[in-house]
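Here's the structure, in C-alpha coordinates; my notes come after.
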Amino acid sequence: MNRFVAAERALRSAAPHQLVDAVREVLCNDYAAKTVQLYLADYGLATLQPVHTAPSPPESVPAYGTPAGRAFGSQEPFVEKLSDGQVRLHLPVTVRGDRLGVLAVTMPSAEQAEECLDELAEVAKVLGHEVIVADRDTDVYVRARRTDRLTLAAEMQWQLLPGRSCTRPEYAVGAQLEPAYAIFGDNFDWSGDADRLMLYITNGMGEGIEASLLTNLGINALRNARRAGLSIADQAALADQAVYAQYRGDAHLSVLLLDLDLRTGRLQVVDAGSPQMLRLRGRTVTAVEFDAQLPLGMFEETDYVAQQVVEIEPGDRLVFASDGVYAGAAPGGEQYGERALARAIVSTSLLPAAEVPRAVLRELAGHRGTPVPDDDALVVCLDWFGPRQAS
(Lines give C-alpha, C1' and ligand atoms only; values in the text may rest on other atoms or scores of the structure.)
Protein backbone atom coordinates (compact mmCIF):
# COMPACT_ATOMS: atom_id res chain seq x y z
CA MET A 1 0.00 0.00 0.00
CA ASN A 2 1.52 3.37 -1.04
CA ARG A 3 1.68 6.26 1.39
CA PHE A 4 -1.04 8.37 -0.24
CA VAL A 5 -3.50 5.49 0.01
CA ALA A 6 -2.42 5.05 3.64
CA ALA A 7 -3.12 8.73 4.32
CA GLU A 8 -6.51 8.52 2.65
CA ARG A 9 -7.47 5.43 4.63
CA ALA A 10 -6.30 6.98 7.89
CA LEU A 11 -8.52 10.01 7.32
CA ARG A 12 -11.56 8.00 6.27
CA SER A 13 -11.30 5.70 9.30
CA ALA A 14 -10.52 8.39 11.90
CA ALA A 15 -13.10 9.52 14.44
CA PRO A 16 -14.72 12.80 13.30
CA HIS A 17 -13.00 14.88 16.01
CA GLN A 18 -9.57 13.33 15.36
CA LEU A 19 -8.95 14.18 11.70
CA VAL A 20 -6.04 16.50 12.46
CA ASP A 21 -4.38 13.92 14.71
CA ALA A 22 -4.84 11.28 12.01
CA VAL A 23 -3.37 13.37 9.20
CA ARG A 24 -0.52 14.50 11.45
CA GLU A 25 0.42 10.94 12.36
CA VAL A 26 0.46 9.64 8.79
CA LEU A 27 2.32 12.67 7.38
CA CYS A 28 4.97 12.53 10.09
CA ASN A 29 5.42 8.75 9.80
CA ASP A 30 5.19 8.27 6.02
CA TYR A 31 6.27 11.65 4.61
CA ALA A 32 8.85 12.67 7.25
CA ALA A 33 6.90 15.83 8.09
CA LYS A 34 8.10 17.70 11.17
CA THR A 35 4.87 19.54 12.02
CA VAL A 36 1.32 19.46 10.66
CA GLN A 37 -1.38 22.03 11.41
CA LEU A 38 -4.84 22.64 9.96
CA TYR A 39 -6.17 26.21 9.78
CA LEU A 40 -9.81 26.99 8.95
CA ALA A 41 -11.10 30.33 7.70
CA ASP A 42 -13.16 32.22 10.26
CA TYR A 43 -16.69 33.42 9.52
CA GLY A 44 -15.47 36.88 8.57
CA LEU A 45 -12.75 35.51 6.23
CA ALA A 46 -10.25 37.68 8.10
CA THR A 47 -8.16 35.04 9.88
CA LEU A 48 -7.17 31.40 9.56
CA GLN A 49 -7.95 29.67 12.85
CA PRO A 50 -5.96 26.64 14.08
CA VAL A 51 -7.78 23.38 14.76
CA HIS A 52 -6.19 22.09 17.95
CA THR A 53 -6.58 19.76 20.89
CA ALA A 54 -3.48 20.87 22.83
CA PRO A 55 -3.77 23.06 25.96
CA SER A 56 -1.57 25.73 24.32
CA PRO A 57 -3.00 26.21 20.82
CA PRO A 58 -1.08 27.83 17.96
CA GLU A 59 -1.94 31.43 17.16
CA SER A 60 -4.35 32.33 14.40
CA VAL A 61 -2.92 33.58 11.10
CA PRO A 62 -4.13 36.61 9.12
CA ALA A 63 -5.85 35.62 5.89
CA TYR A 64 -3.92 38.39 4.09
CA GLY A 65 -0.22 39.10 3.77
CA THR A 66 0.98 35.77 5.18
CA PRO A 67 2.24 32.57 3.51
CA ALA A 68 -0.90 30.71 4.61
CA GLY A 69 -3.03 33.60 3.43
CA ARG A 70 -1.35 33.51 0.02
CA ALA A 71 -2.22 29.83 -0.38
CA PHE A 72 -5.79 30.50 0.76
CA GLY A 73 -6.27 33.43 -1.60
CA SER A 74 -4.57 31.99 -4.68
CA GLN A 75 -5.76 28.42 -4.11
CA GLU A 76 -2.27 27.25 -5.02
CA PRO A 77 0.31 25.60 -2.73
CA PHE A 78 2.80 28.10 -1.32
CA VAL A 79 6.30 27.07 -0.22
CA GLU A 80 7.72 29.04 2.71
CA LYS A 81 11.47 28.77 3.33
CA LEU A 82 12.42 28.59 7.01
CA SER A 83 15.71 29.70 8.55
CA ASP A 84 17.05 26.23 9.39
CA GLY A 85 16.81 24.78 5.88
CA GLN A 86 13.36 23.37 6.47
CA VAL A 87 10.38 24.48 4.38
CA ARG A 88 6.72 24.82 5.23
CA LEU A 89 4.13 23.88 2.64
CA HIS A 90 0.84 25.77 2.80
CA LEU A 91 -1.78 23.68 1.01
CA PRO A 92 -5.34 24.85 0.20
CA VAL A 93 -8.09 22.80 1.85
CA THR A 94 -10.97 23.17 -0.60
CA VAL A 95 -14.06 21.12 -1.50
CA ARG A 96 -15.61 21.72 -4.94
CA GLY A 97 -14.54 25.34 -4.86
CA ASP A 98 -15.62 25.98 -1.25
CA ARG A 99 -12.51 27.34 0.48
CA LEU A 100 -12.26 25.88 3.97
CA GLY A 101 -8.71 26.73 5.00
CA VAL A 102 -5.05 25.71 4.73
CA LEU A 103 -3.00 22.69 5.79
CA ALA A 104 0.51 23.73 6.90
CA VAL A 105 3.15 20.97 6.69
CA THR A 106 6.79 21.52 7.72
CA MET A 107 9.26 19.36 5.78
CA PRO A 108 12.96 18.72 6.59
CA SER A 109 14.24 20.07 3.26
CA ALA A 110 13.19 21.70 0.02
CA GLU A 111 14.06 18.52 -1.88
CA GLN A 112 11.76 16.36 0.22
CA ALA A 113 9.02 18.97 -0.01
CA GLU A 114 9.27 19.13 -3.80
CA GLU A 115 9.21 15.35 -4.08
CA CYS A 116 5.88 14.96 -2.27
CA LEU A 117 4.21 18.35 -2.93
CA ASP A 118 1.60 16.97 -5.34
CA GLU A 119 0.68 14.09 -3.05
CA LEU A 120 0.38 16.36 -0.02
CA ALA A 121 -1.85 18.73 -1.99
CA GLU A 122 -4.14 15.77 -2.69
CA VAL A 123 -4.09 14.81 0.99
CA ALA A 124 -5.27 18.34 1.81
CA LYS A 125 -8.21 17.89 -0.58
CA VAL A 126 -9.16 14.57 1.03
CA LEU A 127 -8.94 16.24 4.44
CA GLY A 128 -11.35 18.93 3.27
CA HIS A 129 -13.96 16.35 2.24
CA GLU A 130 -13.60 14.59 5.58
CA VAL A 131 -14.04 17.86 7.50
CA ILE A 132 -17.32 18.50 5.66
CA VAL A 133 -18.57 15.02 6.58
CA ALA A 134 -17.30 15.28 10.16
CA ASP A 135 -19.24 18.52 10.73
CA ARG A 136 -22.38 16.38 10.99
CA ASP A 137 -21.03 14.61 14.08
CA THR A 138 -18.77 17.05 15.94
CA ASP A 139 -18.51 20.76 16.72
CA VAL A 140 -14.68 20.72 16.70
CA TYR A 141 -14.34 22.37 13.28
CA VAL A 142 -17.29 24.73 13.72
CA ARG A 143 -15.79 26.00 16.99
CA ALA A 144 -12.37 26.38 15.40
CA ARG A 145 -13.73 28.79 12.78
CA ARG A 146 -14.82 31.34 15.40
CA THR A 147 -12.82 34.31 16.59
CA ASP A 148 -15.76 35.41 18.74
CA ARG A 149 -19.10 34.13 19.93
CA LEU A 150 -21.88 34.19 17.35
CA THR A 151 -25.23 35.67 18.26
CA LEU A 152 -28.04 33.14 18.22
CA ALA A 153 -29.50 34.82 15.12
CA ALA A 154 -26.14 34.51 13.33
CA GLU A 155 -25.85 30.86 14.39
CA MET A 156 -29.22 30.17 12.77
CA GLN A 157 -28.31 32.05 9.61
CA TRP A 158 -24.96 30.34 9.07
CA GLN A 159 -26.61 26.93 9.46
CA LEU A 160 -28.84 27.81 6.49
CA LEU A 161 -26.01 28.51 4.06
CA PRO A 162 -24.85 26.00 1.42
CA GLY A 163 -21.22 27.16 1.66
CA ARG A 164 -19.42 30.34 0.65
CA SER A 165 -18.25 29.35 -2.81
CA CYS A 166 -18.71 26.66 -5.44
CA THR A 167 -16.93 26.01 -8.74
CA ARG A 168 -17.95 23.97 -11.77
CA PRO A 169 -16.81 24.00 -15.41
CA GLU A 170 -19.87 26.12 -16.33
CA TYR A 171 -19.81 28.62 -13.46
CA ALA A 172 -18.29 29.80 -10.21
CA VAL A 173 -20.18 31.42 -7.36
CA GLY A 174 -18.97 33.12 -4.18
CA ALA A 175 -20.77 34.93 -1.37
CA GLN A 176 -20.11 36.63 1.94
CA LEU A 177 -22.19 38.18 4.74
CA GLU A 178 -21.32 40.91 7.23
CA PRO A 179 -21.26 41.43 10.13
CA ALA A 180 -20.31 37.76 10.22
CA TYR A 181 -20.87 37.25 13.95
CA ALA A 182 -24.15 39.17 14.31
CA ILE A 183 -26.03 38.89 11.00
CA PHE A 184 -29.79 39.39 10.90
CA GLY A 185 -31.94 38.35 7.93
CA ASP A 186 -29.84 38.49 4.75
CA ASN A 187 -29.10 35.14 3.20
CA PHE A 188 -28.10 33.28 0.04
CA ASP A 189 -28.74 29.77 -1.22
CA TRP A 190 -27.93 27.79 -4.33
CA SER A 191 -28.35 24.35 -5.84
CA GLY A 192 -26.90 22.98 -9.06
CA ASP A 193 -27.56 19.85 -11.08
CA ALA A 194 -26.59 18.66 -14.54
CA ASP A 195 -28.75 21.18 -16.38
CA ARG A 196 -29.36 24.21 -14.18
CA LEU A 197 -28.25 26.39 -11.30
CA MET A 198 -30.86 27.90 -8.99
CA LEU A 199 -29.73 30.81 -6.85
CA TYR A 200 -31.59 32.81 -4.19
CA ILE A 201 -30.46 36.13 -2.71
CA THR A 202 -32.50 37.20 0.31
CA ASN A 203 -32.80 40.59 1.97
CA GLY A 204 -34.41 39.88 5.33
CA MET A 205 -36.79 42.12 7.26
CA GLY A 206 -36.21 43.07 10.90
CA GLU A 207 -33.45 42.20 13.34
CA GLY A 208 -32.22 39.43 15.60
CA ILE A 209 -34.13 36.21 16.19
CA GLU A 210 -37.31 37.45 14.50
CA ALA A 211 -35.41 38.19 11.28
CA SER A 212 -33.62 34.86 11.43
CA LEU A 213 -36.85 32.91 12.00
CA LEU A 214 -38.49 34.68 9.05
CA THR A 215 -35.54 33.91 6.77
CA ASN A 216 -35.40 30.28 7.94
CA LEU A 217 -39.06 29.83 7.10
CA GLY A 218 -38.73 31.47 3.69
CA ILE A 219 -35.57 29.62 2.61
CA ASN A 220 -36.84 26.23 3.74
CA ALA A 221 -40.17 26.83 1.96
CA LEU A 222 -38.26 27.68 -1.22
CA ARG A 223 -36.08 24.57 -0.86
CA ASN A 224 -39.12 22.40 -0.26
CA ALA A 225 -40.72 23.67 -3.48
CA ARG A 226 -37.45 23.42 -5.43
CA ARG A 227 -36.90 19.83 -4.33
CA ALA A 228 -40.40 19.00 -5.54
CA GLY A 229 -39.25 20.01 -9.03
CA LEU A 230 -41.27 23.24 -9.28
CA SER A 231 -40.34 26.28 -11.36
CA ILE A 232 -38.99 29.40 -9.65
CA ALA A 233 -42.35 31.15 -10.15
CA ASP A 234 -44.14 28.32 -8.33
CA GLN A 235 -41.39 28.19 -5.70
CA ALA A 236 -42.00 31.87 -4.99
CA ALA A 237 -45.78 31.34 -4.82
CA LEU A 238 -45.56 28.45 -2.34
CA ALA A 239 -42.98 30.24 -0.16
CA ASP A 240 -45.20 33.33 -0.25
CA GLN A 241 -48.11 31.25 1.08
CA ALA A 242 -45.96 29.76 3.84
CA VAL A 243 -44.74 33.16 5.04
CA TYR A 244 -48.21 34.72 4.84
CA ALA A 245 -49.78 31.80 6.73
CA GLN A 246 -47.33 32.37 9.58
CA TYR A 247 -47.23 36.18 9.73
CA ARG A 248 -50.50 37.26 8.05
CA GLY A 249 -48.73 40.11 6.25
CA ASP A 250 -47.01 41.56 9.33
CA ALA A 251 -43.61 40.37 8.05
CA HIS A 252 -42.31 39.70 4.56
CA LEU A 253 -39.17 38.53 2.80
CA SER A 254 -37.49 40.10 -0.23
CA VAL A 255 -35.92 37.49 -2.50
CA LEU A 256 -34.34 37.39 -5.94
CA LEU A 257 -34.76 33.93 -7.49
CA LEU A 258 -32.62 32.96 -10.49
CA ASP A 259 -32.78 29.88 -12.69
CA LEU A 260 -29.76 29.56 -15.01
CA ASP A 261 -29.97 26.96 -17.79
CA LEU A 262 -26.45 25.53 -17.93
CA ARG A 263 -26.97 24.19 -21.46
CA THR A 264 -27.88 27.52 -23.06
CA GLY A 265 -27.05 30.37 -20.67
CA ARG A 266 -30.71 31.44 -20.55
CA LEU A 267 -31.56 33.12 -17.28
CA GLN A 268 -35.01 33.34 -15.71
CA VAL A 269 -35.65 35.64 -12.76
CA VAL A 270 -38.37 36.30 -10.20
CA ASP A 271 -37.73 39.66 -8.54
CA ALA A 272 -39.73 39.59 -5.30
CA GLY A 273 -38.57 42.90 -3.85
CA SER A 274 -35.01 41.77 -4.17
CA PRO A 275 -31.39 42.92 -3.89
CA GLN A 276 -30.01 44.50 -7.06
CA MET A 277 -27.93 42.87 -9.79
CA LEU A 278 -25.01 44.36 -11.71
CA ARG A 279 -23.41 42.74 -14.78
CA LEU A 280 -19.74 43.08 -15.62
CA ARG A 281 -19.06 42.45 -19.31
CA GLY A 282 -15.52 43.27 -20.36
CA ARG A 283 -14.81 46.41 -18.32
CA THR A 284 -18.36 47.74 -18.40
CA VAL A 285 -20.72 47.48 -15.43
CA THR A 286 -24.45 47.64 -16.16
CA ALA A 287 -27.35 47.61 -13.72
CA VAL A 288 -29.84 44.94 -14.81
CA GLU A 289 -33.45 45.94 -14.15
CA PHE A 290 -36.20 43.40 -13.51
CA ASP A 291 -39.97 43.61 -13.28
CA ALA A 292 -40.56 44.23 -9.59
CA GLN A 293 -43.00 41.88 -7.85
CA LEU A 294 -44.25 41.74 -4.27
CA PRO A 295 -42.03 40.39 -1.47
CA LEU A 296 -42.94 36.98 -0.12
CA GLY A 297 -45.67 36.98 2.50
CA MET A 298 -46.99 40.50 1.97
CA PHE A 299 -50.44 39.42 0.71
CA GLU A 300 -52.34 36.17 0.48
CA GLU A 301 -51.94 34.03 -2.68
CA THR A 302 -49.77 36.37 -4.73
CA ASP A 303 -49.03 35.15 -8.26
CA TYR A 304 -45.44 35.35 -9.48
CA VAL A 305 -44.15 35.38 -13.05
CA ALA A 306 -40.65 34.40 -14.15
CA GLN A 307 -38.99 37.03 -16.33
CA GLN A 308 -36.83 35.83 -19.20
CA VAL A 309 -33.50 37.67 -19.25
CA VAL A 310 -31.50 38.01 -22.45
CA GLU A 311 -28.95 35.23 -22.56
CA ILE A 312 -25.85 36.00 -20.57
CA GLU A 313 -22.57 35.55 -22.41
CA PRO A 314 -19.57 33.42 -21.45
CA GLY A 315 -17.23 35.63 -19.46
CA ASP A 316 -20.06 37.64 -17.85
CA ARG A 317 -19.87 38.33 -14.12
CA LEU A 318 -23.09 38.96 -12.19
CA VAL A 319 -22.82 40.69 -8.80
CA PHE A 320 -25.71 40.95 -6.35
CA ALA A 321 -25.73 43.26 -3.35
CA SER A 322 -28.21 43.86 -0.54
CA ASP A 323 -29.32 47.31 0.57
CA GLY A 324 -26.80 47.14 3.42
CA VAL A 325 -24.11 47.57 0.76
CA TYR A 326 -25.69 50.46 -1.13
CA ALA A 327 -26.74 52.26 2.06
CA GLY A 328 -23.39 51.90 3.83
CA ALA A 329 -22.60 55.44 4.99
CA ALA A 330 -19.28 57.23 5.42
CA PRO A 331 -18.69 59.24 8.64
CA GLY A 332 -19.95 62.32 6.76
CA GLY A 333 -23.18 60.55 5.80
CA GLU A 334 -22.40 59.87 2.12
CA GLN A 335 -23.83 56.53 1.03
CA TYR A 336 -21.71 53.97 -0.78
CA GLY A 337 -24.14 53.74 -3.70
CA GLU A 338 -24.18 52.06 -7.09
CA ARG A 339 -21.33 54.08 -8.58
CA ALA A 340 -18.85 53.08 -5.88
CA LEU A 341 -20.01 49.47 -6.11
CA ALA A 342 -19.46 49.52 -9.88
CA ARG A 343 -15.90 50.81 -9.35
CA ALA A 344 -15.26 48.02 -6.84
CA ILE A 345 -16.56 45.42 -9.30
CA VAL A 346 -14.21 46.67 -12.02
CA SER A 347 -11.23 46.84 -9.64
CA THR A 348 -11.79 43.20 -8.60
CA SER A 349 -12.40 41.90 -12.12
CA LEU A 350 -9.24 39.75 -12.11
CA LEU A 351 -10.13 38.01 -8.86
CA PRO A 352 -11.98 34.67 -8.87
CA ALA A 353 -15.66 34.74 -7.89
CA ALA A 354 -14.91 33.34 -4.43
CA GLU A 355 -12.64 36.31 -3.64
CA VAL A 356 -14.86 39.10 -4.98
CA PRO A 357 -17.42 39.37 -2.14
CA ARG A 358 -14.88 39.84 0.63
CA ALA A 359 -12.85 42.26 -1.54
CA VAL A 360 -15.96 44.38 -2.19
CA LEU A 361 -16.89 44.28 1.50
CA ARG A 362 -13.37 45.48 2.38
CA GLU A 363 -13.91 48.43 0.04
CA LEU A 364 -17.23 49.09 1.77
CA ALA A 365 -15.57 48.97 5.20
CA GLY A 366 -13.03 51.54 4.00
CA HIS A 367 -15.87 53.80 2.89
CA ARG A 368 -17.65 53.47 6.25
CA GLY A 369 -14.47 54.01 8.21
CA THR A 370 -15.39 51.11 10.49
CA PRO A 371 -15.16 47.33 9.98
CA VAL A 372 -18.56 46.69 11.59
CA PRO A 373 -21.64 47.74 9.58
CA ASP A 374 -24.92 48.92 11.10
CA ASP A 375 -26.93 46.58 8.86
CA ASP A 376 -26.41 43.27 7.09
CA ALA A 377 -24.24 43.59 4.00
CA LEU A 378 -24.44 40.73 1.48
CA VAL A 379 -22.47 40.34 -1.75
CA VAL A 380 -22.85 37.39 -4.13
CA CYS A 381 -20.75 36.96 -7.30
CA LEU A 382 -21.63 34.59 -10.16
CA ASP A 383 -19.22 34.00 -13.04
CA TRP A 384 -20.62 32.35 -16.17
CA PHE A 385 -18.00 30.46 -18.18
CA GLY A 386 -20.41 28.97 -20.70
CA PRO A 387 -21.99 25.56 -21.32
CA ARG A 388 -19.87 22.49 -20.72
CA GLN A 389 -18.19 21.46 -23.95
CA ALA A 390 -19.12 18.01 -25.24
CA SER A 391 -16.21 15.61 -25.00
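The values are calculated or read from the model by the stated rules, or taken from the named source; none is laboratory data. All values derive from a computational prediction rather than experimental measurement. All Cβ positions, glycine included, derive from the backbone under ideal geometry; neighbour counts span all protein chains shown. These accessible areas exclude ligands, DNA and RNA; they are computed on the full protein's heavy atoms, side chains included. Shrake-Rupley method; radii C 1.70, N 1.55, O 1.52, S 1.80 Å.
Could you count how many residues in segment 125-139 are open to solvent by less than 40 Å² (accessible area, probe 1.4 Å) and under 25 Å from Pro169 (Cα atoms)? Steps first, please.
Kept after step one, since they are open to solvent by less than 40 Å² (accessible area, probe 1.4 Å), are these residues of segment 125-139: 126-128, 130-131, 134, 138.
In the following step, the residues that additionally are under 25 Å from Pro169 (Cα atoms) were identified as 126-128, 130-131.
Of the residues in that region, 5 qualify.
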Say we look at segment 262-307 and pick out the residues that are among the hydroxyl-bearing types (Ser, Thr, Tyr) and under 16 Å from Asp234 (Cβ atoms); which of these is surrounded by the most Cβ atoms within 10 Å (Cβ to Cβ)?
-> Tyr304
Could you tell me whether any residue of segment 158-179 is more than 19 Å from the chain's Cα centre (by Cα) and not acidic (Asp, Glu)?
-> no
Any pair with Cβ under 6 angstrom, 6 or more apart, that starts in segment 124-153 at a residue that is in a helix (DSSP H, G or I) and ends at one that is among the polar types (S, T, N, Q) and at pLDDT below 95 = Ala153/Ser212
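To keep it simple, each residue is scored yes or no on (1) in contact (Cβ under 8 Å) with a residue 60 or more places away in the chain; (2) within 28 Å of Met205 (Cα to Cα); (3) out of contact with any Pro (no Cβ under 8 Å at 6 or more places or on another chain); (4) not in a loop (DSSP other than H, G, I, E, B).
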| site | (1), (2), (3), (4) |
| --- | --- |
| Arg263 | yes, no, no, no |
| Leu280 | yes, no, yes, yes |
| Met298 | no, yes, yes, no |
| Thr302 | yes, yes, yes, no |
| Leu318 | yes, yes, yes, yes |
| Val325 | no, yes, yes, yes |
| Ile345 | yes, yes, yes, yes |
Scan segment 308-329 and give yes if some residue there is modelled with pLDDT under 90, surrounded by 14 or more Cβ atoms within 10 Å (Cβ to Cβ) and among the hydroxyl-bearing types (Ser, Thr, Tyr), otherwise no.
-> yes
Cβ-Cβ below 6 Å, separation at least six or inter-chain, first residue in segment 348-371 and at positive phi, second open to solvent by 30 Å² or more (accessible area, probe 1.4 Å): which pairs?
-> Gly369/Pro331
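In segment 206-251, how many are part of a loop (DSSP other than H, G, I, E, B) and buried (at least 23 other Cβ atoms within 10 Å of the Cβ)? Write out each step before concluding.
Filtering segment 206-251 for residues part of a loop (DSSP other than H, G, I, E, B) gives 206-207, 228-231, 248-251.
Subsequent filtering for residues that are buried (at least 23 other Cβ atoms within 10 Å of the Cβ) retains 251.
Selection size over segment 206-251: 1.
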If you check Leu103, Leu82, which single one turns out to be of a type outside the set (Asp, Glu) and touching a residue at least 60 places away in the same chain (Cβ under 8 Å)?
-> Leu103
Taking segment 95-124 and keeping residues open to solvent by less than 30 Å² (accessible area, probe 1.4 Å) and of a type in the set (S, T, N, Q) leaves Thr106, Ser109
Candidate set from segment 157-201 (those that are under 20 Å from Pro295 (Cβ atoms) and outside any strand (DSSP E or B)); member that is most open to solvent (accessible area, probe 1.4 Å) = Phe184
Residue check, Ala353 against (1) farther than 26 Å from Leu161 by Cα; (2) assigned to a loop (DSSP other than H, G, I, E, B); (3) at pLDDT 95 or above, all met but one. Which one?
-> (1)
